[in-house]
Amino acid sequence: MTGKFIVFDGLDGTGKSTFIKMLAEHLQDKGCKVSITAEPTKNKWGLLIREILSGVQKASQQEMAALFLADRIAHNEEIDELLQQGYIVLCDRYYYSSFAYQSDDETLSWIMDMNLNCPGIRVPDLCLLFDSEPELCLKRIKAGRSGQQLEIFENLKSLNAIREKFSKIEEMLNKSGRGENIVRIDSSPPLDEVFEVILNTVNSFLN
Ligand code: TMP
């Protein structure tokens, strides 16, 4: 039996990582085999990307788009193996983030093209796209960071611009006829309410 590949993507501070853990527990309790993964990965490209995100190393957005692509190609080999073993793979971020974080008007089609037309990169079975007011996201990011330095995209100006791009990308991809299945989740309400929406969405997808 092959598994399912479900991506959680969207703005920083929308609670993706918390919801992934909650969903994993719920599915495991139902007897499903579940594996949690994330991008950037902890492999060689992912580690280099983390250094850039923290400001230790510098790179242009185009270089970043290429690094995320390399990380994603290597990651897909691991994902494929898990899917073949029947796992539901829950992935924290995927190519939607490259489209939203690395692109500008000039580079969006190039970044979409190299990801969507790469034979080593699969289309997720479902993408939950988390959205919230950037002010609320930033508040949550700061609360979870307890004095640690913020990463390069974790400021109001970037979050507003990225939010707009996520929205544009969602519309483009859902209309593209490429088999994308993107569902937007408003993560502003209290945790339990948002999780209820996630459960309804995932259960109706899996059944
Ligand atoms: P996170 O682990 O807190 O989600 O942080 C990952 C950061 O990496 C986040 O700011 C978004 C960024 N990112 C990109 O810029 N492009 C990508 O393709 C991916 C997967 C993540």
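The values are calculated or read from the model by the stated rules, or taken from the named source; none is laboratory data. All figures in this text were calculated on a predicted structure; none of them were measured in a lab. Every residue, glycine as well, gets a Cβ built from its backbone with ideal geometry; the counts of neighbours run over all protein chains shown.
Tell me, which residue of the stretch 1-41 that is under 18 Å from the mean Cα position of the chain (by Cα) and of a type in the set (Ser, Thr, Tyr) is nearest to ARG140 (Cα to Cα)? For the stretch 1-41, the residue satisfying everything is THR14.
Tell me whether the stretch 135-158 contains one or more residues that are of a type outside the set (Gly, Ala, Ser), assigned to a helix (DSSP H, G or I), touching a Phe, Trp or Tyr at 6+ places or on another chain (Cβ under 7 Å) and surrounded by 18 or more Cβ atoms within 10 Å (Cβ to Cβ).
The first filter runs over the stretch 135-158 and keeps only residues of a type outside the set (Gly, Ala, Ser), leaving 135-142, 145, 148-157.
This time we only want the ones that are assigned to a helix (DSSP H, G or I), so: 135-142, 145, 156-157.
Still in the list and also touching a Phe, Trp or Tyr at 6+ places or on another chain (Cβ under 7 Å): none.
No: zero hits.
Could you tell me which residue of the stretch 111-134 is surrounded by the most Cβ atoms within 10 Å (Cβ to Cβ), considering only residues that are of a type in the set (A, V, I, L, M, F, W, C) and assigned to a helix (DSSP H, G or I)?
Restricting attention to the stretch 111-134, the residues satisfying the condition of being of a type in the set (A, V, I, L, M, F, W, C) are 111-112, 114, 116, 118, 121, 123, 126-130.
With assigned to a helix (DSSP H, G or I) added as a condition, the list becomes 111-112, 114, 116.
Values: ILE111: 24, MET112: 18, MET114: 15, LEU116: 15.
If we take residues in the stretch 111-134 being of a type in the set (A, V, I, L, M, F, W, C) and assigned to a helix (DSSP H, G or I), then ILE111 is surrounded by the most Cβ atoms within 10 Å (Cβ to Cβ).
Residues of the stretch 2-41 that are within 15 Å of the ligand (Cβ to nearest atom), surrounded by fewer than 17 Cβ atoms within 10 Å (Cβ to Cβ) and either part of a strand (DSSP E or B) or among the β-branched types (Val, Ile, Thr) (or both): THR18, ILE36. Considering only residues in the stretch 54-66 that are at pLDDT below 95 and within 13 Å of the ligand (Cβ to nearest atom), the one that is farthest from VAL123 (Cα to Cα) turns out to be GLY55.
Looking only at the stretch 67-107, which residues are within 12 Å of the ligand (Cβ to nearest atom), in contact with a Lys or Arg (Cβ under 6 Å, 6 or more places away or on another chain) and of a type outside the set (Gly, Ala, Ser)? Of everything in the stretch 67-107, just one residue is within 12 Å of the ligand (Cβ to nearest atom), in contact with a Lys or Arg (Cβ under 6 Å, 6 or more places away or on another chain) and of a type outside the set (Gly, Ala, Ser), namely ASP92.
So is ASP80 surrounded by fewer than 17 Cβ atoms within 10 Å (Cβ to Cβ) and free of Cβ contacts under 8 Å to residues at least 12 places away in the same chain or not? Spelling it out, it is not the case that ASP80 is surrounded by fewer than 17 Cβ atoms within 10 Å (Cβ to Cβ) and free of Cβ contacts under 8 Å to residues at least 12 places away in the same chain.
In the condition set (1) part of a helix (DSSP H, G or I); (2) farther than 30 Å from GLN149 by Cβ, VAL89 is compliant with all but (1). The residue that is farthest from the chain's Cα centre (by Cα), among those in the stretch 42-56 that are in a loop (DSSP other than H, G, I, E, B) and surrounded by fewer than 13 Cβ atoms within 10 Å (Cβ to Cβ), is VAL56.
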